[in-house]
Amino acid sequence: MCQNTPEQFTTQLREGQYNELRVALYFMLQGYHVKIGFTNQSYDISVLFPNTSAQSVEVKWDKTSAQTGNLFFEIENTRQQRPSGIEQTGADLWCHVIGDGRSAIIAPVTLIRNILNGGNYRIVSTRGADSNSRGKLVPISDMRNRQGIDLIELPTVEDFFGMLFRKANSAA
């Protein structure tokens, strides 16, 4: 049975874009300037940190990670036999949204790559007739307490505007 029907792809794309927006809102609530662009069917998020150039953020959502306890990091497109996911991204930061989307880990891409390459993590392929990716399974616990990796809580759009409203009222 094929998993990636046009309807399912559209739903997954919409959900992914919503999480990208939530990651952008997270950085805005931290006081950073965020630029969101839309090119080539995907959102591009750039965050301007103090005293640095803008850093791009790649956002991936792992819906089953909360149940399995593992994060899936895609490393290869098996159909095209080329690197993909974390291995091919040009982004500076990687944000891996966990489970129901309330939390995420965020870290520099180079740090995540070093962890993946330095660990003895199981390599698995996605299942289904139309699946085409291979990745590494990493226990969430391996990522939570590492230097340079932050576990963050993602705001909903409603949370974001509620926080802005409260800040505006407390300043008045």
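The values are calculated or read from the model by the stated rules, or taken from the named source; none is laboratory data. These numbers come from a predicted model, not from an experiment. Cβ: placed from backbone, ideal geometry, glycine included. Neighbour counts: every protein chain shown.
Can you spot a residue in segment 43-50 that is among the aromatic types (Phe, Trp, Tyr) and crowded, with 16+ Cβ neighbours inside 10 Å? Please lay out each step first, then the result.
Step one: list which residues in segment 43-50 are among the aromatic types (Phe, Trp, Tyr), which gives 43, 49.
Still in the running and crowded, with 16+ Cβ neighbours inside 10 Å: 43.
Yes; the residues of segment 43-50 include at least one that is among the aromatic types (Phe, Trp, Tyr) and crowded, with 16+ Cβ neighbours inside 10 Å.
Looking across segment 22-51, the residues that are at pLDDT below 90 and of a type in the set (A, V, I, L, M, F, W, C) come down to 36, 38.
Tell me yes or no: at least one residue of segment 122-131 is loosely packed, with under 13 Cβ neighbours inside 10 Å, among the small types (Gly, Ala, Ser), in contact (Cβ under 8 Å) with a residue 12 or more places away in the chain and closer than 26 Å to residue 45 by Cα.
From segment 122-131, those loosely packed, with under 13 Cβ neighbours inside 10 Å are 122-123, 125, 127-130; that's our starting set.
Keeping just the survivors that are among the small types (Gly, Ala, Ser) gives 125, 128-129.
Next, only the ones that are in contact (Cβ under 8 Å) with a residue 12 or more places away in the chain stay: 125, 128-129.
Restricting the remaining residues to those that are closer than 26 Å to residue 45 by Cα gives none.
Checking segment 122-131: not a single residue is loosely packed, with under 13 Cβ neighbours inside 10 Å, among the small types (Gly, Ala, Ser), in contact (Cβ under 8 Å) with a residue 12 or more places away in the chain and closer than 26 Å to residue 45 by Cα.
Taken as a whole, the structure places residue 112 among residues that are in a helix (DSSP H, G or I) and of a type outside the set (D, E, K, R). With the requirement that a residue be among the polar types (S, T, N, Q) and on the phi < 0 side of the Ramachandran plot, what does segment 64-95 give you? Correct list: 64, 65, 67, 68, 70, 77, 78, 80, 84, 88, 89. Looking only at residues in segment 119-154 that are assigned to a loop (DSSP other than H, G, I, E, B) and aliphatic (A, V, I, L, M), the one that is modelled with the highest pLDDT is 149.
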